[in-house]
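S.K.: Input: one structure, supplied below.
The values are calculated or read from the model by the stated rules, or taken from the named source; none is laboratory data. Remember, it's a predicted structure, so these values are computed and weren't measured experimentally. Glycine gets a Cβ as well: all are built from the backbone with ideal geometry, and neighbour counts include every protein chain shown. All accessible areas refer to the heavy atoms of the entire protein, side chains included, with ligands and DNA or RNA removed. Shrake-Rupley method; radii C 1.70, N 1.55, O 1.52, S 1.80 Å.
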Amino acid sequence: MKQTVFHTLGGVALACSFLLAPMSGAVAAPIIISADPGHDVCGNSSDPTWNCSPFSLLTSDNDIQLTVERGVPINGGTGEVYGKSVPDSSQIAVTGNHVFFNGSATRVYGASLYNSTDIASATGNHVTVSDAAAQITAQVHGGYAYSVDNASVTDNQVLIEAGTVSNPTGGLAESHNTSPATASNNTVSITGGTITNDINGGLVYSGNPATASDNTVSITGGTIGSSNIYGGMGSGSSAVHTASNNTVSIGPGVTIRPGGLLGIYGGFTTSGTSANNTLNLGQSGVAVTELNYFQNLNFTIPASLGNGEVMLSASTLAEIGNAVISIEIESGSTLKAGERIVLIDAHSGTLSGTPFPVVKSVTAGYNFEVDTYWLSLGYLVVKLTDVPSSAPTPTPTPTPTPTPTPTPSPGPGPSPTPTPSGSVFSDGDTLTGGGSYIAPSGSPGFCLGGGSASVNLSIDGVSYAISPGGENTCFEIFSAGSGRALILDSGSAEVSTSASGSPLLEARNGQLVVNNGNGKIRVTVDPVCTSTRVEILQGAVSAPSWMMSPMPASGCPADALTPAKGSFMISDGKLSCPPSALTIKGTWARLKVKQTQTLSASQQFFVVAGYAPAGWFQNNRLHSWETLDNPLLPLDSATETGSKTETLVDGLDVRGILGTELYAGIGTDVDEMMRNGRYCGVFRVAP
């Protein structure tokens, strides 16, 4: 802030009034650094060039405002900046100092206090980074306090609006040996810029019981990469710490680099108590390695999130034990009753614990319940049990009536007659009898009442014949490429068309079931799985393998994912994987694996399966599965060399093994195989 007349001394802009000897306790004048001083910068230095070394400092001054202007390097970009620095003295507090930093440096502190004989506190100190040219390569702290007695940091803040910043921490309190430490009400607020390394609202390090409470990390913009996020953290020695009432908020405007979030932690303690810590998540598709130390999980569901889509995935661990779940739905959402949201996908790692059974709904008219079926498979899924009766209703309600009504001149002659003829139905109509109907513009939905005769439907000139299979058979008409197509929301029906080149039906998950017309199918939506299955009645039509007939059983179908390195629990094998074939019909599976490696006389072929809720299993020479034991039994003996195909699963209902991973390997024994990495992940049965 340029509130006084400045002149330059030694390349550093100084406030003229500050060159006068200040009175003890006086508020220091603003300081502006407009060129590289060639050394570290301390705002309370008695050296007129603000040199931190030697530490001849005006330690009584607080409320220092220090600005490093755009692009100014501090000591060539390798220096450090302190609003106020107290290396060691009888002073016990640094308060109200502020650094506006837009240059380049390794470390920036709002204030720092080191006291080797007494208590130390840093309160109300701030760092603001607001320019794209700013670079802080090591760390930035709002306030730091070290003491041999009692260290505390309170109400300190780091605000990042632009630039590239590493390891922002609101406040750090560090105590020597067995002294206590406290970090409370410290904040890191990120609205822009690029952040690398860990982000920490409030951090305590002590060999004595310490407390990190009421600290906040709020991220509403910018780019995050290679970072752990801690609302509050208690660390050090074997002491029992408390980390409570800390909050991490991630909004919808944040860009997260692939692999950029390592872990999100509410109140992290190396040992001690973590209580009442909160995650506020307003963005879908967030991927982390670990989610832990939260007792409140608040999700704001974007309007764009569809049925079965994921808010957050954790590749290693998601701890949700006794967590209270709260959900808010953004305006404009088209989610319907019976549909599901995957709040947390931890199927590739571990979903630990069971959440509090009641789901709080912030948005009026929406109600949810935890779908407990998916918990054992590594998913935290909530099902919509109720939606507002009028939802979604756009505001204002669009009225597609042009004003004035166009009157072609010359007139078009005879009034056009729709072909086929029929009644134009309205969104939400229930058609209780046979007849011909025309789908109006927009995306209406309709139901066929129980006992309805066949209905002929015209959608953008394409004719469909629909025979309902019972009550509550409901459809939605949605955009598909250049036209519109049908989607079945509930119930079952036979659907046919003779129009070549038009989609007959699409499944809820977005997969195209029938690519061309001239076909007839029976389609069923499973009310448990909210998935669509298809039986081919007539013609050659295209569908995903798990939708093809016959359907020997009902239930949740599964499909095989193409194996990808890194997608398995054990992913560091070097073996070239044997090919595998997984056939799914309805919910029934047949799995074959072909062993193509030529085994030496001393090598054996091993096959194991990992199933997260139940553990590990081995396939023995009788081609049956049994609990993994030691030693691991080979599938083939040492004399069975060359290529051969083994059927590992035949006629198995996959509802019981969703999430199972199959591994194969060769070696003289399992230890030799693992030691040399001669194994690989073959496939995963995914829900």
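S.K.: Answer yes or no: is there a residue in the stretch 112-127 that is part of a strand (DSSP E or B), among the aromatic types (Phe, Trp, Tyr) and in contact (Cβ under 8 Å) with a residue 40 or more places away in the chain.
M.R.: Scanning the stretch 112-127, I find no residue that is part of a strand (DSSP E or B), among the aromatic types (Phe, Trp, Tyr) and in contact (Cβ under 8 Å) with a residue 40 or more places away in the chain, so the answer is no.
S.K.: So, one more: Would you mention how many residues in the stretch 343-384 are part of a loop (DSSP other than H, G, I, E, B) and either modelled with pLDDT of 90 or more or not charged (D, E, K, R) (or both)?
M.R.: 16
S.K.: Suppose we filter the stretch 110-127 for residues that are closer than 22 Å to residue 189 by Cβ and either open to solvent by 30 Å² or more (accessible area, probe 1.4 Å) or more than 39 Å from the chain's Cα centre (by Cα) (or both); how many remain?
M.R.: 2
S.K.: Same structure again: Restricting the search to the stretch 195-214, which residues are at positive phi and modelled with pLDDT of 95 or more?
M.R.: Within the stretch 195-214, 214 is the sole residue that qualifies.
Rundown of residues vs (1) touching a Pro at 6+ places or on another chain (Cβ under 9 Å); (2) open to solvent by 30 Å² or more (accessible area, probe 1.4 Å); (3) modelled with pLDDT of 95 or more; (4) not acidic (Asp, Glu), yes/no style:
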site: 22; (1), (2), (3), (4): no, yes, no, yes
site: 26; (1), (2), (3), (4): no, yes, no, yes
site: 29; (1), (2), (3), (4): yes, no, no, yes
site: 48; (1), (2), (3), (4): no, yes, no, yes
site: 53; (1), (2), (3), (4): no, yes, no, yes
site: 58; (1), (2), (3), (4): yes, yes, no, yes
site: 78; (1), (2), (3), (4): no, yes, yes, yes
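S.K.: Another one. Is it the case that residue 188 is in a strand (DSSP E or B), of a type in the set (A, V, I, L, M, F, W, C) and within 17 Å of residue 232 (Cβ to Cβ)?
M.R.: yes
S.K.: Next up: Can you name the condition, by its number, that residue 306 falls short on among (1) closer than 30 Å to residue 389 by Cβ; (2) at pLDDT 90 or above; (3) surrounded by fewer than 20 Cβ atoms within 10 Å (Cβ to Cβ)?
M.R.: That leaves (2) as the condition not met.
S.K.: Part of a strand (DSSP E or B), modelled with pLDDT of 95 or more and surrounded by fewer than 24 Cβ atoms within 10 Å (Cβ to Cβ): does that describe residue 182?
M.R.: Yes; evaluated as a whole, the condition is true for this residue.
S.K.: Just checking, does the stretch 130-143 include any residue being of a type in the set (D, E, K, R), assigned to a loop (DSSP other than H, G, I, E, B), over 15 Å from residue 172 (Cα atoms) and more than 38 Å from the chain's Cα centre (by Cα)?
M.R.: Among the residues of the stretch 130-143, not one is of a type in the set (D, E, K, R), assigned to a loop (DSSP other than H, G, I, E, B), over 15 Å from residue 172 (Cα atoms) and more than 38 Å from the chain's Cα centre (by Cα), which makes the answer no.
S.K.: Which of the residues spanning the stretch 213-234 are assigned to a strand (DSSP E or B), open to solvent by 20 Å² or more (accessible area, probe 1.4 Å) and either closer than 9 Å to residue 195 by Cβ or charged (D, E, K, R) (or both)?
M.R.: 223
Residues checked against (1) closer than 20 Å to residue 71 by Cα; (2) not hydroxyl-bearing (Ser, Thr, Tyr):
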site: 93; (1), (2): no, yes
site: 101; (1), (2): yes, yes
site: 110; (1), (2): yes, yes
site: 117; (1), (2): no, no
site: 125; (1), (2): no, yes
site: 135; (1), (2): yes, yes
site: 139; (1), (2): yes, yes
site: 143; (1), (2): no, yes
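S.K.: Among the residues of the stretch 129-157, what is the count of those that are buried (at least 20 other Cβ atoms within 10 Å of the Cβ), of a type in the set (Ser, Thr, Tyr) and under 27 Å from residue 76 (Cα atoms)?
M.R.: Total satisfying the criteria: 1.
S.K.: With the requirement that a residue be without any contact (Cβ under 8 Å) to a residue 40 or more places away in the chain and closer than 16 Å to residue 217 by Cα, what does the stretch 256-267 give you?
M.R.: Listed by number, the residues that qualify are 256, 261, 262, 263, 264, 265, 266.
S.K.: Sticking with this structure for a sec: Mind listing just one residue for me: the one in the stretch 167-179 that is at pLDDT below 95 and part of a strand (DSSP E or B) and, of those, farthest from residue 85 (Cα to Cα)?
M.R.: Ranking the candidates gives 175 first.
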